[in-house]
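**Q** Shown below is the structure under consideration.
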Amino acid sequence: MIESSDFRTARMPLNHGTGHMPVLGFGTLIPDAAVTTSATRGALEAGFRHFDCPERYRNEREVGEALQVGLAAAGIAREDIFVTTKLWNSNHRPERVEPAFEASLDRLGLSYLDLYLIHTPFAFQPGDEQDPRDQNGNVLYDNGVTLLDTWRAMESLVDHGSCRAIGLSDISLNELFPIYEAARIKPAVVQVESHPYLPETELLEFCKEKGIVFLAFAPLGHGIKPGPLEDPVVLAVAARVGKTPAQVLLAWAVQRGTALLTTPRTAARARENFDISALPEEAFNEINRIETRQRLNEVVKTGVPGFIAHGA
Ligand SMILES: NC(=O)c1ccc[n+]([C@@H]2O[C@H](COP(=O)([O-])OP(=O)(O)OC[C@H]3O[C@@H](n4cnc5c(N)ncnc54)[C@H](OP(=O)(O)O)[C@@H]3O)[C@@H](O)[C@H]2O)c1
């Protein structure tokens with residue numbers, strides 16, 4: 001359930017802890033350190049209060065520093081923002097989970113996290129190498145740990161207090177279901193690729209039924225063109241309602257009951273992507289009727305990040 005009809009301030013309650021997730025989230029898939037800093041500040045200034053990181057992007061330090069400076073400058077309290085980061089594949093062994101969490105907290109300069117996600121369901125060879133490969137270039141997976149083993153260690157983090165809520169990312173309904181069934185602490189959030197070309201309706205319905213927040217990444221289709229940003233239906237709706245195609249896609253995502261992550265790199269884009277409001281019902285339904293189907297990120301198949309932001 002989304003609280004408030006103003007999309008800019010709307011939040012969704014989490015099924016454990018006391019937290020509420022602002023539906024408009026800023027993602028940090030930005031390879032350049034200086035741009036990470038300026039984009040994070042720009043997002044905070046535009047109004048974003050939800051920030052999504054992973055250890056994998058190696059820029060938690062820049063995000064944390066930008067947030068600290070930005071919060072102090074604007075007089076915003078830590079409690080008024082929502083910060084997520086994610087456990088990488090090479091840290092799935094239960095004994096590696098808490099140290100990885102603490103290392104992320106330290107890089108972000110925070111005393112607690114609002115949300116910690118298992119980045120993908122794939123366990124890689126444990127260690128500090130994030131992309132372990134054999135001499136033929138094949139990923140070295142770890143068969144000595146199950147996703148449920150890792151989930152149990154995530155549950156312990158919640159027990160210890162500096163992790164408010166836990167969830168999963170890049171997961172299918174088939175993989176989510178057994179974790180949901182076995183979990184002592186049910187996943188609060190599931191983060192997956194979703195846009196009109198990949199609506200993930202079955203997963204969304206499951207999440208709604210179980211009170212799990214469905215958090216859409218790549219709501220603009222990773223900005224790839226041609227893609228949802230240039231879809232004729234989206235362009236026509238944008239022209240009709242006087243919004244940009246990006247604003248239409250982001251509004252559609254919220255209107256169907258998902259939270260979202262978007263990555264505006266400039267202050268102007270941050271203001272554009274934050275300034276969204278509900279679409280007329282018939283425009284919303286027109287987008288629902290788009291039949292093109294396309295997954296843009298292959299990460300769900302191998303656990304290897306399938307998309308590197310352009311400019312990387
Ligand atoms: N869990 C996972 O495995 C996973 C995978 C991928 C992403 N994510 C998360 O999801 C976040 C969002 O994903 P994403 O970066 O693909 O989101 P996105 O918002 O769908 O795509 C971002 C791209 O769209 C462009 N863009 C942004 N605002 C625009 C606008 N107003 N008009 C036109 N183009 C615009 C950007 O271009 P410019 O760069 O030119 O501004 C950028 O290339 C990431 O930052 C990351 O936190 C998670």
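Readers should treat all values here as calculations from the given coordinates under stated rules, not as data from a laboratory. Just so we're clear, the structure is a prediction, and the values are computed from it rather than from any experiment. Please note: Cβ atoms are built from the backbone with ideal geometry, for glycine as well, and neighbour counts cover all protein chains shown.
**Q** Scan the range 191-220 and report the pairs whose first residue is closer than 15 Å to LEU29 by Cβ and acidic (Asp, Glu) and whose second residue is within 11 Å of the ligand (Cβ to nearest atom) and part of a strand (DSSP E or B), with Cβ atoms within less than 6 Å and a gap of 6+ or a chain change.
**A** That search, which allows pairs on different chains as well, returns GLU193/PHE217.
**Q** Additional query: Could you tell me which numbered condition LYS86 fails, if it satisfies all but one of (1) of a type outside the set (Ser, Thr, Tyr); (2) within 12 Å of the ligand (Cβ to nearest atom); (3) assigned to a helix (DSSP H, G or I); (4) crowded, with 21+ Cβ neighbours inside 10 Å?
**A** (3)
**Q** So which residues in the range 180-228 are buried (at least 21 other Cβ atoms within 10 Å of the Cβ), part of a helix (DSSP H, G or I) and more than 14 Å from the ligand (Cβ to nearest atom)?
**A** CYS207
**Q** In the range 257-273, what count of residues is obtained for those that are more than 10 Å from the ligand (Cβ to nearest atom) and over 11 Å from HIS195 (Cα atoms)?
**A** Qualifying residue count for the region: 3.
**Q** While we're here: Would you confirm whether any residue within the range 5-12 is assigned to a strand (DSSP E or B) and either without any contact (Cβ under 8 Å) to a residue 60 or more places away in the chain or of a type in the set (Phe, Trp, Tyr) (or both)?
**A** The answer is yes; a qualifying residue exists.
**Q** Going through SER111, SER104 one at a time, which residue ends up being among the small types (Gly, Ala, Ser), under 19 Å from THR85 (Cα atoms) and buried (at least 17 other Cβ atoms within 10 Å of the Cβ)?
**A** SER104
**Q** Of everything in the range 20-47, what is closer than 25 Å to VAL158 by Cα and buried (at least 20 other Cβ atoms within 10 Å of the Cβ)? Give them in sequence order.
**A** Of everything in the range 20-47, those that are closer than 25 Å to VAL158 by Cα and buried (at least 20 other Cβ atoms within 10 Å of the Cβ) turn out to be MET21, PRO22, VAL23, LEU24, GLY25, PHE26, GLY27, THR28.
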